[in-house]
Amino acid sequence: MPLYTNLDRVERGLASLGIAPGDAIRPEQLFALDQWHYHGTEAIAAAAQTLGIGAASHVLDIGSGVGGPARYLAHTTGCRVTALELQAPLHEIAVDLTRRSGLAGRVTHLCGDALTFPLPAATYDAVVSWLAVLHIPDRPRLMARLAGVLRPGGGCYIEDLCSRRPFAPRDLADLRQVVCGVTVTPPEDYVRDLRDAGFADVVVTDLTGDWAPYAAERLAAWRQNRAAYARVHGEGAYTAQEAFYAVIARLYDSGSLGGLRIVGRKP
Ligand SMILES: C[S@@+](CC[C@H](N)C(=O)[O-])C[C@H]1O[C@@H](n2cnc3c(N)ncnc32)[C@H](O)[C@@H]1O
């Protein structure tokens, strides 16, 4: 997935705080660096509240990236988190950051594909996912797996991209090649996939009105802070991220791209 490049950016960000590779880290020092979705830790806190995640909960995080949401949940609620990430380089960074933050006792990182990785049935109290399902080619199968690993009464909380109207050919090419979005569908299709998998009380919230301006502001801020960012991370990392942010902002502008939160419960 070409969008997750320049993986030294977390370590470079830590270096700018005077933290060397291998040093201990306070979880808070990572929050500006390890949340690869909209609204950083606020988004994760909202999920914890909605699902009632607490110290007794065991949570599964799908597409956990470098582990930011998993560490935040464990650190702030005391829960246990199993964090599943496809890409080995991100998984390795996640393991290292979790160990250095002192959270390895509560956060377990697994490396594998959410569609096939063996997971125990009827085990987790909650399944969460931020901006990962769009990359996974078979959403009905994924939702059936998520329903299977939740204990009865457990909740599922997903934030993801969706489509609001068909993408123009050039936009579709960017969606596939730059965003690596393979399942970006209308919200109704998403709801259907959860219901077909056996989820009840499925509630979808349209986040486009919030995420579209967020993406535009993120791009503007990125361009404004070019010198500072390039100094810490290098010109190549600046340019790669700028290209990605610019495509996302344009796709929202086109009226085709949207964002949603979808929540359901296993009966
Ligand atoms: C935008 S990142 C979000 C990371 C994390 N959820 C966060 O919010 O910080 C999406 C992640 O999903 C992962 N991913 C994509 N397909 C996956 C799959 N089939 N199984 C597990 N993880 C996957 C990607 O490798 C990437 O790390």
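The values are calculated or read from the model by the stated rules, or taken from the named source; none is laboratory data. None of these values were measured; they are calculated from a predicted model. Neighbour counts are summed over all protein chains in view; Cβ atoms, including those assigned to glycine, are modelled from backbone coordinates with ideal geometry.
For a quick check of your reading of the model, give me the residue pairs whose first member lies in the stretch 217-241 and is among the small types (Gly, Ala, Ser) and outside any helix (DSSP H, G or I), whose second is surrounded by 13 or more Cβ atoms within 10 Å (Cβ to Cβ) and at pLDDT below 90, with beta-carbon atoms closer than 8 Å and at least 6 apart or on different chains.
Gly234/Asn6; Gly234/Arg12
Checking Asp61 against (1) charged (D, E, K, R); (2) assigned to a strand (DSSP E or B); (3) closer than 21 Å to Gln241 by Cβ, which test does it fail?
(3)
Step by step: first the residues of the stretch 82-102, then only those that are part of a loop (DSSP other than H, G, I, E, B) and away from the ligand (no atom under 12 Å from the Cβ), then the one that is farthest from the chain's Cα centre (by Cα). Which residue is that?
Ranking the candidates gives Gly102 first.
Given the conditions (1) assigned to a loop (DSSP other than H, G, I, E, B); (2) away from the ligand (no atom under 16 Å from the Cβ), and given that Asp113 satisfies all but one, which numbered condition is not satisfied?
That leaves (2) as the condition not met.
State all residues of the stretch 126-178 that are away from the ligand (no atom under 14 Å from the Cβ) and either assigned to a strand (DSSP E or B) or in contact with a strand residue (DSSP E or B) (Cβ under 6 Å, 6 or more places away or on another chain) (or both); if no residue qualifies, say none.
Ala126, Leu150, Arg151, Pro152, Gly153, Gly154, Gly155, Cys156, Cys162, Ser163, Arg164
Being over 14 Å from the mean Cα position of the chain (by Cα), near the ligand (Cβ under 8 Å from one of its atoms), at pLDDT 95 or above and surrounded by fewer than 21 Cβ atoms within 10 Å (Cβ to Cβ) is the requirement here; does Gly105 meet it?
On the way: over 14 Å from the mean Cα position of the chain (by Cα): yes; near the ligand (Cβ under 8 Å from one of its atoms): no; at pLDDT 95 or above: yes; surrounded by fewer than 21 Cβ atoms within 10 Å (Cβ to Cβ): yes.
Taking the combined requirement at face value, the residue does not satisfy it.
Any residue in the stretch 43-52 that is over 18 Å from Glu159 (Cα atoms), more than 10 Å from the ligand (Cβ to nearest atom) and not hydrophobic (A, V, I, L, M, F, W, C)?
As a first pass, look at the stretch 43-52 and keep what is over 18 Å from Glu159 (Cα atoms): none.
No, the conditions are met nowhere in the stretch 43-52.
Against the condition touching a residue at least 12 places away in the same chain (Cβ under 8 Å) and either more than 16 Å from the ligand (Cβ to nearest atom) or among the small types (Gly, Ala, Ser) (or both), how does Ala20 come out, does it pass?
no
In the stretch 2-35, how many are at pLDDT below 90 and at positive phi?
Within the stretch 2-35, residues that are at pLDDT below 90 and at positive phi number 1.
Regarding Tyr38, is this residue assigned to a loop (DSSP other than H, G, I, E, B), modelled with pLDDT of 95 or more, within 16 Å of the ligand (Cβ to nearest atom) and on the phi < 0 side of the Ramachandran plot?
yes
Filter the stretch 215-239 down to the residues that are buried (at least 17 other Cβ atoms within 10 Å of the Cβ) and either modelled with pLDDT of 95 or more or within 19 Å of the chain's Cα centre (by Cα) (or both) and list them by number.
Ala215, Leu219, listed by residue number.
Taking the stretch 41-55, which residues are in a loop (DSSP other than H, G, I, E, B) and surrounded by fewer than 11 Cβ atoms within 10 Å (Cβ to Cβ)?
Ala55
If I filter the stretch 23-80 down to residues being of a type in the set (D, E, K, R) and free of Cβ contacts under 8 Å to residues at least 60 places away in the same chain, which single residue comes out as farthest from His135 (Cα to Cα)?
Within the stretch 23-80, the match that is farthest from His135 (Cα to Cα) is Glu28.
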